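Each remark here refers to the structure printed beneath this line.
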Amino acid sequence: MENKIQKYTLTAITLHWLVAILIFALFAIGLYMTGLPTKAELPPGAESLRKPWFELHKSLGITVFLLLMIRVYWRVTHEPPPLPDFISHAQQTFINIAHKLFYVSMILQPTSGLLSSSFGKYPIKWFGMPLPKLGWEDQSLKELFSDVHEISAVILATFIIIHLAGVAVHVLKGNGKTILQRMLP
Ligand code: HEM
Ligand code: HEM
């Protein structure tokens with residue numbers, strides 16, 4: 001008898017891919033914008049590109065934060081489909097724990113960014129709309145949360161690499177279609 005592939009709900013699938021695309025974009029923008037010269041490093045009169053890129057990074061980062069809130073709500077109210085039988089019990093336990101830690105890491109990333117910006121001197125805007133700051137101007141707290149943002153980016157990138165390696169292993173074993181279709185509409 002043919003085994004029917006059990007899929008995530010369309011909402012979970014949409015949120016997974018939307019968040020994945022935004023996280024990839026945020027890594028690219030984050031690394032690019034921090035390398036841009038500041039106004040002081042440029043010849044007199046030249047405008048730095050840091051401001052628009054930082055604002056875009058923050059806006060997209062806040063969007064990810066909001067999407068993650070919906071995603072966590074959806075995840076706790078909707079049991080994910082059971083993993084296929086060809087994945088051993090031990091592996092299933094590992095995957096379940098890893099996915100939960102993945103969520104923690106995903107949430108820590110925008111939260112640390114928000115906190116770091118909340119203790120900085122610039123206003124926080126969401127696509128031009130000013131947002132209330134969660135903190136006050138404090139250089140040492142800003143630096144602390146900036147460090148957390150940087151370290152958590154490395155942790156998140158590690159999770160993403162492990163995640164993609166996991167999917168790749170199933171593709172190489174010939175089970176890629178079954179696994180990928182769980183997360184495809
Ligand atoms: C930033 C990038 C990504 C993040 C943060 C991410 C995160 C996650 C998380 C947390 C889950 C568990 C979902 C749950 O149980 O609620 C998941 C599942 C999954 N992801 Fe990703 N993902 C990313 C990129 C990708 C990519 C590029 C692929 C395809 C190559 C992929 C394929 C899958 C598949 C197939 C599942 C379902 C696994 C299962 O069978 O349970 N993901 N992802
Ligand atoms: C999932 C969401 C996010 C990802 C993947 C992400 C990723 C990154 C990366 C890779 C960098 C460059 C490395 C570093 O210096 O830390 C960076 C820098 C930065 N990010 Fe994010 N970020 C996210 C969300 C946010 C949010 C929500 C904010 C603020 C509202 C923010 C504000 C900043 C700022 C100000 C920097 C410059 C360095 C600093 O002062 O910490 N990020 N981000």
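For Y103, which of the numbered conditions (1) among the aromatic types (F, W, Y); (2) near ligand 1 (Cβ under 9 Å from one of its atoms); (3) in contact with a Gly (Cβ under 8 Å, 6 or more places away or on another chain) fails to hold?
(3)
Residues to consider are P110, P80, P84; find the one that is outside any helix (DSSP H, G or I), closer than 23 Å to I161 by Cα, at pLDDT 95 or above and not basic (K, R).
That would be P80, the only listed residue that is outside any helix (DSSP H, G or I), closer than 23 Å to I161 by Cα, at pLDDT 95 or above and not basic (K, R).
Give the range 100-153 a look and list any residue that's small (G, A, S), farther than 22 Å from Y73 by Cα and surrounded by 14 or more Cβ atoms within 10 Å (Cβ to Cβ), or say none.
Scanning the range 100-153 gives S116, S117, S118, G120, G135, S146, S152, A153.
Give the residue that is farthest from I107 (Cα to Cα), with candidates limited to residues of the range 148-185 that are under 17 Å from the mean Cα position of the chain (by Cα) and free of Cβ contacts under 8 Å to residues at least 40 places away in the same chain.
L164
Mind listing just one residue for me: the one in the range 15-29 that is of a type in the set (G, A, S) and under 10 Å from the mean Cα position of the chain (by Cα) and, of those, farthest from L67 (Cα to Cα)?
A25
Restricting attention to the range 155-174, which residues are closer than 14 Å to F86 by Cβ, open to solvent by less than 80 Å² (accessible area, probe 1.4 Å) and either assigned to a helix (DSSP H, G or I) or of a type in the set (S, T, Y) (or both)?
Scanning the range 155-174 gives G166, V169, H170, V171.
Given the residues S140, S152, which is the only one that is part of a helix (DSSP H, G or I), near ligand 2 (Cβ under 9 Å from one of its atoms) and of a type outside the set (V, I, T)?
Of the residues listed, the single one that is part of a helix (DSSP H, G or I), near ligand 2 (Cβ under 9 Å from one of its atoms) and of a type outside the set (V, I, T) is S152.
Residue-wise test of (1) within 16 Å of ligand 1 (Cβ to nearest atom); (2) in contact with an Asp or Glu (Cβ under 9 Å, 6 or more places away or on another chain); (3) within 16 Å of I95 (Cα to Cα).
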site	(1), (2), (3)
L114	no, no, no
F119	no, yes, no
P123	no, no, no
W136	no, no, no
Q139	no, no, no
E143	no, no, no
A153	yes, no, no
I160	yes, no, yes
V167	yes, no, yes
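Would you check if L10 is within 12 Å of ligand 2 (Cβ to nearest atom) and open to solvent by 80 Å² or more (accessible area, probe 1.4 Å)?
no
Look through L31, L26, L49 and report the one residue that is open to solvent by 60 Å² or more (accessible area, probe 1.4 Å), in contact with a Pro (Cβ under 9 Å, 6 or more places away or on another chain) and under 21 Å from S116 (Cβ atoms).
Just one listed residue meets the conditions, L49.
The values are calculated or read from the model by the stated rules, or taken from the named source; none is laboratory data. Nothing here was measured: the structure is a model prediction, and the numbers come from that model. Virtual Cβ from ideal backbone geometry, glycine too; neighbours counted across all protein chains shown. The protein model used for the area step is the full one, side chains on, heavy atoms only, and it has no ligands, DNA or RNA in it. Shrake-Rupley method; radii C 1.70, N 1.55, O 1.52, S 1.80 Å.
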